[in-house]
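The values are calculated or read from the model by the stated rules, or taken from the named source; none is laboratory data. In this text, all values refer to a predicted model and were calculated from it rather than measured experimentally. When we count neighbours, we look across all protein chains shown, and the Cβ atoms used for this are built from the backbone with ideal geometry, even at glycine. We work out accessible area using only protein heavy atoms, side chains counted, and drop any ligands, DNA or RNA first. Shrake-Rupley method; radii C 1.70, N 1.55, O 1.52, S 1.80 Å.
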Amino acid sequence: MTITRYVLNEQSRNPEARGDLTILLSHIVLGCKFVASAVNKAGLAKLIGLAGETNVQASNRTALCSTGEEQKKLDVLSNEVFVKALVSSGRTCVLVSEENEEAIFVDAPLRGKYCVCFDPLDGSSNIDCGVSIGTIFGIYMIKDKDSVTLEDVLQPGTNMLAAGYCMYGSSCTLVLSTGNGVNGFTLDPSLGEFILTHPNIKIPNRGKIYSVNEGNAKNWDAPTAKFVEKCKYPQDGSPPKSLRYIGSMVADVHRTLLYGGIFLYPADQKSPNGKLRILYEVFPMSFLMEQAGGQAFTGKQRALEFVPRKIHDRSPIFLGSYDDVEDIKALIGVHI
Ligand code: AHG
Ligand code: MN
Ligand code: MN
Ligand code: MN
């Protein structure tokens, strides 16, 4: 079962579907294949290092992405690949990318009815050392594609039709949900096809792993500190949880989805809204977690119910195994 056949089967489930989502997803898959190949030869093809950096002698001007982070060459290349793939699909009318300050509105001849919010390359700090990185995307339907505005994009994650990520690691794995469960596909480089390898992924109700950047501990609020403390020194006699933190959200979330446990990027005094971006990191991963039987919580509410005010807004996030997230909700004293 290839991803193409899977998506076509899904499409045949909704009679009124005209194949637009299938065509859109096939262009996203093409983008993932291209980036996978670029990531695999990044070290050889001088794609390592910062964008804008020419060589040691020349100015070390580095390009900055929409939120002032340093852009890597692969960030820029991946962004160009996905913008081109999404626009040329003829199925999108507005795009939101981590690497573009403003939303991209597609010109009339190529306009379609979907909005795609994406992080073309997630985990950029891990590019230069070859640790897993990825692409994250979320797909919405836009009411009127010929009069689309930013308001249409600033909607709660509950309106998402589909979401997924592609992880460029020891193998290239694409995890996708179109609202009917979660499935994982692994790229067979000899075929150039994503093959269904993880059908109907369900996250364990509780896990033995917690995943957080402990380096931020001094800035955490009390409930977060208490939760992490309980992971390390459980009071109920259960064994301590293991800490696993890769620093690429895609890799940390993928491991959480398959093994169970909790991933958290909490707010802290330094970053009161946390670090992760709502539209193209928090929402897609929250959608997948819920579709796999887990949950996602911002510290105040169900993550998917949050309504962003600006396209690069951030939110704290606690996501993963249902019961593990319940523990943090109890500590924060919110019964939602
Ligand atoms: P990006 O590379 O797209 O900017 O995202 C990086 C994010 C995410 O991948 C990861 O979970 C987080 O940054 C790690 O942040 P810290 O290094 O602060 O832990
Ligand atoms: Mn970034
Ligand atoms: Mn990211
Ligand atoms: Mn990124």
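So what is the relative contact order of the chain, in percent, for Cα pairs below 8 Å that sit 6 or more residues apart? Please list the in-between numbers first.
Working: 708 pairs, mean separation 49.6, N = 336.
After rounding, I find 15 percent.
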In a GNM of the chain with a 10 Å cut-off on Cα contacts, which of Asn180, Asn14, Asn205 has the highest mean-square fluctuation? Asn14
Pick out, in residue order, every one of the trypsin sites (Lys or Arg not before Pro) in region 1-40 that is DSSP loop and has at most 15 other C-beta atoms within 10 Å; say none if there are none. Arg18
Leaving out same-chain residues fewer than 8 places away, which lysines sit with a Cα under 16 Å from that of Lys113? Lys143, Lys145
What's log10 of I(q)/I(0) for the chain at q = 0.06 Å⁻¹, Debye sum over Cα points only, no solvent? -0.20
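Taking 2.2 N^0.38 Å as the expected size of a compact globular protein, what ratio does the Cα radius of gyration of region 200-253 give against it, to two decimals? Mind showing how you got there, number by number?
Numbers: Rg = 12.6 Å, N = 54, 2.2 N^0.38 = 10.0 Å.
Ratio of Cα Rg to 2.2 N^0.38 Å: 1.26.
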Rounding to the nearest 20 debye, state how big the charge dipole of the chain is about its Cα centre with +1 on each Lys and Arg Cβ and -1 on each Asp and Glu Cβ. 440 debye
Considering only DSSP beta bridges with both partners in the chain, what is the antiparallel share in %, to the nearest 5? 80 percent
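I'd like the antiparallel share, as a percent to the nearest 5, of DSSP beta bridges with both residues in region 3-200. List each step's numbers first, then the result.
Values: 33 of 39 bridges.
Within region 3-200, antiparallel bridges account for around 85 percent of the total.
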Taking the simple approach of a point 7 Å from Cα along Cα-to-Cβ for both Thr158 and Lys84, what is their distance in nm? 4.0 nm
Rounded to 5, percent antiparallel among DSSP beta bridges of region 209-332: 70 percent
Charged-residue dipole, Cβ positions (Lys, Arg, Asp, Glu), region 209-332 about Cα centre, Debye nearest 20: 400 debye
Could you give the nm distance between label points at Ala225 and Lys46, where each point is 7 Å from its Cα heading toward the beta carbon? 5.0 nm
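What ranking do 136-149, 38-51, 87-100 get when scored by the average of other Cβ atoms within 10 Å per residue, highest first? Walk me through the numbers on the way to the answer.
On the way: 136-149: 17.9, 38-51: 15.5, 87-100: 21.5.
In descending order of packing, they fall as 87-100, 136-149, 38-51.
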In whole percent, what relative contact order does region 193-297 give with Cα contacts below 8 Å and a gap of six or more residues? 39 percent
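As a test of the formula, what do you get for the chain when each DSSP H run with n ≥ 4 contributes -39,500 (n - 2.57) and the sum is divided by the residue count, at 222 nm and rounded to the nearest 500 deg cm²/dmol? Don't skip to the end; give the middle numbers.
Working: 8 runs with 94 residues, N = 336.
Only helices count here, giving -8500 deg cm²/dmol.
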Identify, among Ser124, Ala225, Val7, the residue whose Cα sits farthest towards the positive end of the charge dipole of the chain, taking +1 on the Cβ of Lys and Arg and -1 on the Cβ of Asp and Glu, with the dipole about the Cα centre. Ala225
For region 209-332, what is the accessible area per residue in Å² when the probe is 1.4 Å? 40 Å²
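For the chain, which whole-number percentage of the solvent-accessible area (1.4 Å probe, protein heavy atoms only) is attributable to carbon and sulfur atoms?
With neighbouring chains kept in place, the figure for the chain is 53 percent.
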For the charge dipole of the chain, defined by +1 on Lys and Arg C-beta atoms and -1 on Asp and Glu C-beta atoms about the Cα centroid, which residue among Gly274, Leu258, Gly138 has the Cα displaced farthest towards the positive pole? Leu258
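Indicate the gyration tensor shape class of region 167-269 (rounded, prolate or oblate), computed on the Cα atoms with a ≥ b ≥ c the square roots of the eigenvalues: a/c under 1.5 is rounded; otherwise a/b larger than b/c is prolate and the rest oblate.
Working: a/c = 2.66, a/b = 2.05, b/c = 1.30.
Prolate, since a/c reaches 1.5 and a/b exceeds b/c.
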Between Lys143 and Lys232, take the C-beta separation as r, use R0 = 51 Å, and let me know the FRET efficiency to the nearest 0.05. 0.60
Cα centroid separation, region 76-101 to region 279-336 (Å): 26 Å
What would the Debye formula give as log10 I(q)/I(0) at q = 0.12 Å⁻¹ for the alpha-carbon point model of region 210-319, no solvent? -0.39
Would you mind estimating how fast region 3-200 diffuses translationally, via Stokes-Einstein at 20 °C and 1.002 mPa s with the Kirkwood radius over Cα pairs, in µm²/s? 122 µm²/s
Quick check: pseudo-label points 7 Å beyond the Cα along Cα→Cβ at Ser125 and His198, how many nm apart are they? 2.3 nm
